[in-house]
Amino acid sequence: MTTHSTTEPISNRLRIVLVGTQHPGNIGSAARAMKTMGLARLVLVAPEKAPNHESEALAAGADDVLAAAATHATLAEAVADCRLVLGCTARSRRIALDELLPREAASRALEGAMAGGEVALVFGRERTGLDNEELQLCHAAVHIPANPAYSSLNLAMAVQVLAYELRLALLATGGGGPAPAGDGDPPASHAELEGFFGQLGDALDAIDFHKGRAPESALRKFRRLFLKADLDSREVRLLRGVLADVERMAMLAARSGGEG
C-alpha cells in the first residue's frame, strides 16, 4: 500500500492512470499535460508499447513525470490501494455508474485525497476506451461534455481537461498544501473492497439468492450501494465476518439437507 508523509502535498495522493495506451507519444503528451497542472503521479496499465524516444520528445520537459511512471499488468493492480477510482468514458455504456462532469470529478477526487485516501483518474485506450470489466472497478464515470457533432478528444487532451480541473480545485484549497492526517480507521482500499465484493458474490450464491436469475444485475446494485457507504477497513472486516458466517450456515444447511 502506498504511504505518504503528512507533510507532502495533497496532489501526491492523486494519480493519472492510462490503460492500454496504443501510441507512446500520447504517454509523453499526457505527462506534459500533468506537469503543467502540478501533477506528478503517472501510472501505466499494460501499454501496447513502452515509453520511448517519441514519448520523451512529446513530454517536452516533463521527463521526470515520465521516468517515474509506474507500470502494472492490470487496472486492478494499479488501483488496489485507492479509496476512489474515477473512470473517464463516453456515456453509452452498459455499466451503470454515477456520471460526473470534470469539475464535479475534481471536487470529489480532492475530497477523497484530503480525507487521506489514494485517488485515481483512469483513462482508457485511444480507440475503444475502457472496457466494461475495467469500468466495473470504477466508483463513478467522468464525462467531458464535448461538442456532440465532433466529440473526439485526443487522450492527452482529455488528461489536460481533468488535470486543469484538479488544479483549480487544489488552488481553491490554498495551493495544495500538506494533506491532513486521517483520524480513526483508514478508508477501505480498492483491493479490500474488491475482496469483499468477491466474497459477497460467493455468499449470495451459497444461499441461492438469485433463484436462477443472472447474478450480474444484483451484484452491480450491491456494489453501488456499498460504494456509496464509503466503508473504512474495519467496516469491511466486519461485513466479511458476517459473510463468512452466512457461508458457513449455508454449508451446514446443505449438509443437513443431504443427510436427510
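When Arg83, Arg103 are checked against the criterion of being charged (D, E, K, R) and outside any helix (DSSP H, G or I), Arg83 stands alone in meeting it. Let me confirm something: among Arg94, Arg83, which residue is surrounded by fewer than 18 Cβ atoms within 10 Å (Cβ to Cβ) and at pLDDT below 95? One residue alone meets the criteria, Arg94.
Within the stretch 113-128, is even one residue in contact with an Asp or Glu (Cβ under 6 Å, 6 or more places away or on another chain), assigned to a strand (DSSP E or B) and assigned by TED's automatic domain parsing to the domain that holds Thr21? Yes; the residues of the stretch 113-128 include at least one that is in contact with an Asp or Glu (Cβ under 6 Å, 6 or more places away or on another chain), assigned to a strand (DSSP E or B) and assigned by TED's automatic domain parsing to the domain that holds Thr21.
The values are calculated or read from the model by the stated rules, or taken from the named source; none is laboratory data. Not measured: the values here are computed from a predicted model. Positions of Cβ are generated from backbone atoms using ideal geometry, with glycine treated the same way; all protein chains shown enter the neighbour counts.
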